[in-house]
Amino acid sequence: MIDKDKIFQLFVDGKEITDKKTQEDIREFMNGPFAKIGMFVKLIQNHQVFHRKLEKFLKKEQPNYNVESTKEASEFTVYNRGWTYIKNIDIDNKDHINAIINFDPNTLLKVLNSSIRFFENYEEYEKCAHLLKIQKIVKEI
């Protein structure tokens, strides 16, 4: 398993990476649990920030379109895309548990909570169950 704290040593100042070992290390990291959780968290966080900025902009500009339907459509896309990452987290796998434990618990809990609320609204309880299992681990930290 790649040490998450050394991941940036794999990148070389924007130059093309030709070293096969480095390419394999990057691929391994991106397919690993820490990157999957990170992608999930960043998608949801960036989505929330985007909506706050969009709301501020729309209050100022007052365009002629439905803000709520736009927000609903983007939430559907973002949360389901985030699901494609977090669904691969296996709470029975030691490496995956370590990735959960090494994440900032406050940030991860906020994202998990908002994701659970979202999927509850669509009655996707299997997804909620998986997220609740991860949430339980985070709360025990």
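Quick notes
- With respect to (1) under 15 Å from VAL111 (Cα atoms); (2) loosely packed, with under 10 Cβ neighbours inside 10 Å, the lone exception for ASN64 is condition (1).
- Filtered residues of the range 29-64 (kept if of a type in the set (Gly, Ala, Ser) and over 8 Å from the mean Cα position of the chain (by Cα)): GLY32, ALA35
- Selection of helices (runs of 4 or more DSSP H) fully inside the range 17-118 by the criterion of at least 1 residues being modelled with pLDDT of 95 or more, β-branched (Val, Ile, Thr) and out of contact with any helix residue (DSSP H, G or I) (no Cβ under 8 Å at 6 or more places or on another chain) returns 67-86.
- Cross-chain or 6+ apart pairs with Cβ under 6 Å, the range 34-61 first and surrounded by 11 or more Cβ atoms within 10 Å (Cβ to Cβ), then of a type in the set (Val, Ile, Thr): PHE40/ILE86; VAL41/VAL111; LEU43/VAL78; ILE44/VAL111; HIS47/VAL78; LEU58/VAL67
- For ASN93, the criteria (1) surrounded by 14 or more Cβ atoms within 10 Å (Cβ to Cβ); (2) touching a residue at least 60 places away in the same chain (Cβ under 8 Å) hold in every case but one, which is (1).
- Filtering the range 119-141 to residues that are at pLDDT 95 or above and not in a helix (DSSP H, G or I) leaves TYR122, GLU123, GLU124.
- The one condition in (1) within 14 Å of ILE134 (Cβ to Cβ); (2) in contact with a Phe, Trp or Tyr (Cβ under 7 Å, 6 or more places away or on another chain); (3) of a type outside the set (Lys, Arg) that TYR79 fails to fulfil: (1)
- A single entry from LYS110, LYS71 fulfils the requirement of being of a type in the set (Lys, Arg), surrounded by 12 or more Cβ atoms within 10 Å (Cβ to Cβ) and closer than 19 Å to ALA129 by Cα: LYS110.
The values are calculated or read from the model by the stated rules, or taken from the named source; none is laboratory data. Because the structure is a prediction, the values reported are computed rather than measured. So basically every Cβ, Gly included, is an ideal-geometry build from the backbone, and we count neighbours across all protein chains shown.
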